[in-house]
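Here is the structure we will look at, set down as structure tokens.
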Amino acid sequence: MDRIVYLDYNATTPLAPEVLEAMLPYLREDFGNPSSIHRLGRRAHEALARSREVVADFLGASPEEIIFTAGGTEADNLAILGTTSAAGEGERRHLIASNIEHHAVLAVLRHLESRGWGVTIVAADERGRVTPERLAAALRPDTLLVSIMAANNETGVLQPISELANAASEVGALFHTDAVQACGKIPVDVRALGVDLLSLSAHKFYGPNGVGALYVKTGVPCNAMFLGGGQERALRPGTENVAGVVGLAEACRQVQASLDTEARKLARLRDELEAEVLERIRGSHVNGRGVERTPNTVNLRFEGIDGRKLVNALDAAGFGVSTGAACDAGATGSHVLVGMGLDREAVQGSIRVSLGRYTKEEEVRTFTRALESAVETVRANRDFVEA
Ligand SMILES: Cc1ncc(COP(=O)(O)O)c(C=O)c1O
């Protein structure tokens, strides 16, 4: 197999070997349906219950507040569609999100707007932060729900979630945070944050694809999106993905055991990378610099560069990075960077580098050198870059 130095951990992470080990029995001999009464069913049911406790503990929640889903997108959809459906034709018909949210939030709000909901999109500042003042200006007495992400997938910029949630609760609005990029990278505690709903996704922190969870605080009205059986308190019917959920729980357990050390290592590598790039490559910048970020993420901008060309040149040299979120890979480029006020050329000249658990110090060094020469090559061939 082609060897690649993988520096795209915000897109997805490799499955940790320990997570795979924990999952395997539930794909082989313990394959039962958790709703079956016989011993195989009971074993699956117990695995599900144990996993729910682990995920709840990871978030500082109670087990009955955890709804397993098929990933982050589904958790975000359930949070927004579920609470708006439960509110029905009530007096609160207004929703708020920021302009740097993932499409799993923005697309749902656009859909609801087309169904008559009032929607306000709050703009992040030039460093990618959604400030409590900007949120306060958008809140209304009829605001039902505010959805603002804990950490941005492209820049890593952290949002002041507890202050934002507090502002929302002052007008009686619910607060959802998409913590898909925060979980596994920084401590996340639902009670300390003061949120009502929180989404996470296993594949962003060494668990399997296609499994995630939504925290729904006890007492928060939320309806199901799908109809069927009574699984997951009937909020997410369908036979549970037992192996996936066991994998999610094991991934949580591992993060809990190593979060501080891992975060310190990643921040050191990331800071070294940033400093080297800024020093060695003229016309280079860091998007979202100077504000708190996840320790593994750096969004780099190069003057006079097409980021897609740069990503391709780096791929040819054996390094996997990205221009931003996979869903923004088209011609318009990152809505997050546009949302931070960058012009078209700056947006297209940006790439995201995201480090992770298996990133080695020497890989970061060789990457910096490869980046320097790739930037030179792409700049030298600028005339040949198609629009
Ligand atoms: C911030 C954020 N929210 C939601 C998602 C969607 O998660 P999933 O891939 O599990 O559907 C992603 C993944 O790209 C993300 O980065």
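The values are calculated or read from the model by the stated rules, or taken from the named source; none is laboratory data. Keep in mind it's a predicted model, so treat the numbers as computed, not measured. Here the Cβ positions follow ideal geometry from the backbone for every residue, glycine too, while neighbour counts run over all protein chains shown.
Can you tell me which residue in segment 1-34 is surrounded by the most Cβ atoms within 10 Å (Cβ to Cβ), limited to those that are charged (D, E, K, R) and more than 22 Å from the chain's Cα centre (by Cα)?
Filtering first and then ranking leaves ASP30.
Specify which of the listed residues (LEU135, LEU164, LEU144) is in the same structural domain as HIS94 (by TED's automatic domain parsing), over 17 Å from the mean Cα position of the chain (by Cα) and either touching a residue at least 60 places away in the same chain (Cβ under 8 Å) or part of a loop (DSSP other than H, G, I, E, B) (or both). Please lay out each step first, then the result.
Details: LEU135 fails: either touching a residue at least 60 places away in the same chain (Cβ under 8 Å) or part of a loop (DSSP other than H, G, I, E, B) (or both); LEU164 fails: either touching a residue at least 60 places away in the same chain (Cβ under 8 Å) or part of a loop (DSSP other than H, G, I, E, B) (or both).
Of the residues listed, the single one that is in the same structural domain as HIS94 (by TED's automatic domain parsing), over 17 Å from the mean Cα position of the chain (by Cα) and either touching a residue at least 60 places away in the same chain (Cβ under 8 Å) or part of a loop (DSSP other than H, G, I, E, B) (or both) is LEU144.
Going by the conditions given, is GLU126 at pLDDT below 95 and acidic (Asp, Glu)?
yes
Among the residues of segment 296-322, write down those that are assigned to a loop (DSSP other than H, G, I, E, B) and within 24 Å of the chain's Cα centre (by Cα). Even if it seems obvious, please write down each step before you answer.
Just the residues of segment 296-322 that are assigned to a loop (DSSP other than H, G, I, E, B), to begin with: 296, 303-306, 317-318, 321.
Once the filter is applied, which keeps residues that are assigned to a loop (DSSP other than H, G, I, E, B) and within 24 Å of the chain's Cα centre (by Cα), segment 296-322 yields ASN296, VAL321.
Of a type in the set (A, V, I, L, M), crowded, with 19+ Cβ neighbours inside 10 Å and away from the ligand (no atom under 16 Å from the Cβ): is that true of LEU371 in this structure?
For LEU371, the condition - of a type in the set (A, V, I, L, M), crowded, with 19+ Cβ neighbours inside 10 Å and away from the ligand (no atom under 16 Å from the Cβ) - is met.
Can you tell me which of ASP57, ASP30 is away from the ligand (no atom under 16 Å from the Cβ), among the acidic types (Asp, Glu), closer than 30 Å to GLU154 by Cα and out of contact with any Ser or Thr (no Cβ under 9 Å at 6 or more places or on another chain)?
ASP57
Are there strands (runs of 3 or more DSSP E) fully within segment 61-126 with at least 1 residues that are among the hydrophobic types (A, V, I, L, M, F, W, C), within 14 Å of the ligand (Cβ to nearest atom) and buried (at least 16 other Cβ atoms within 10 Å of the Cβ)? List them.
Working: elements: 66-69, 94-98, 118-122.
Strands (runs of 3 or more DSSP E) meeting the threshold: 66-69, 94-98.
So if I check each of ARG270, ARG282, ARG236, which one is more than 26 Å from ARG50 (Cβ to Cβ) and surrounded by 18 or more Cβ atoms within 10 Å (Cβ to Cβ)?
ARG270
State all residues of segment 161-203 that are more than 16 Å from the ligand (Cβ to nearest atom), closer than 30 Å to ARG268 by Cα and among the charged types (D, E, K, R); if no residue qualifies, say none.
GLU163, ASP189, ARG191
Of everything in segment 214-248, what is within 16 Å of the ligand (Cβ to nearest atom), in contact with a Ser or Thr (Cβ under 6 Å, 6 or more places away or on another chain) and aliphatic (A, V, I, L, M)? Give them in sequence order.
Within segment 214-248, LEU214, VAL245 qualify.
Answer with yes or no whether LEU48 is within 16 Å of the ligand (Cβ to nearest atom) and surrounded by fewer than 24 Cβ atoms within 10 Å (Cβ to Cβ).
No, not satisfied.
Could you tell me whether ARG134 is surrounded by fewer than 15 Cβ atoms within 10 Å (Cβ to Cβ) and either within 16 Å of the ligand (Cβ to nearest atom) or of a type in the set (D, E, K, R) (or both)?
no
Residues in segment 61-106 that are hydrophobic (A, V, I, L, M, F, W, C) and more than 15 Å from LYS217 (Cα to Cα): how many?
10
Within the set of pairs 6+ apart or on separate chains, which have a first residue in segment 288-302 that is touching a residue at least 60 places away in the same chain (Cβ under 8 Å), a second that is aromatic (Phe, Trp, Tyr), and C-beta atoms under 9 Å apart?
Listed by first residue and then by second, the contacts come to ASN296/TYR9; THR297/TYR9.
What residue, among those in segment 239-267 that are among the β-branched types (Val, Ile, Thr) and in contact (Cβ under 8 Å) with a residue 40 or more places away in the chain, is surrounded by the most Cβ atoms within 10 Å (Cβ to Cβ)?
VAL245
What's the number of the condition PRO237 fails, among (1) in the same structural domain as ILE80 (by TED's automatic domain parsing); (2) part of a helix (DSSP H, G or I)?
If we test PRO237 against (1) in the same structural domain as ILE80 (by TED's automatic domain parsing); (2) part of a helix (DSSP H, G or I), just (2) comes out false.
When the residues of segment 62-107 are filtered to those that are of a type in the set (A, V, I, L, M, F, W, C) and farther than 15 Å from LEU197 by Cβ, which remaining residue is nearest to the chain's Cα centre (by Cα)?
ILE100
For residues that are part of a loop (DSSP other than H, G, I, E, B), closer than 19 Å to LEU200 by Cβ and acidic (Asp, Glu), tally how many sit in segment 12-53.
Residues meeting the conditions: 0.
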